[in-house]
Amino acid sequence: MSLTRSAFLARRAFSAAAGGHEGGANTWKILSFVVALPGVAVCMANVWMKMQRHSHDQPEFTPYPHLRIRTKPFPWGDGNHSLFHNAHTNPLPTGYEGEHH
């Protein structure tokens, strides 16, 4: 019995000497404030600067035959608009909506 008890005490002493996981939460908290939040701030600044330079005009429509192929109509609306259709950025097979040829 003393052999089992001494093995248990040795394991317990070893795990206590290893330091445990007490500092893990504090490490992640520090990493969140030092790495994650500045990273999010840099990404937001990058997006804001790109939006300032971006032209909001529609690109010229080129009717490539391999794009916007409709083999069957979409099951909603008039069958020609995709589910997340944006009239400003997504042209139909004939061109942008509201554009008079």
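The values are calculated or read from the model by the stated rules, or taken from the named source; none is laboratory data. Since this is a predicted model, take the numbers as computed values, not measurements. With ideal geometry, Cβ positions are generated from the backbone for all residues, glycine too; neighbour counts draw on all protein chains shown.
Observations on the structure shown:
- Selected residue (criterion: modelled with the highest pLDDT) from residues of the range 52-101 that are part of a loop (DSSP other than H, G, I, E, B) and among the aliphatic types (A, V, I, L, M): L83
- Among the residues making up the range 56-80, those that are of a type in the set (K, R) and surrounded by 10 or more Cβ atoms within 10 Å (Cβ to Cβ) are R68, R70.
- Scanning the range 25-55 for residues that are of a type in the set (S, T, N, Q) and surrounded by 10 or more Cβ atoms within 10 Å (Cβ to Cβ), we see that the one that is farthest from H88 (Cα to Cα) is T27.
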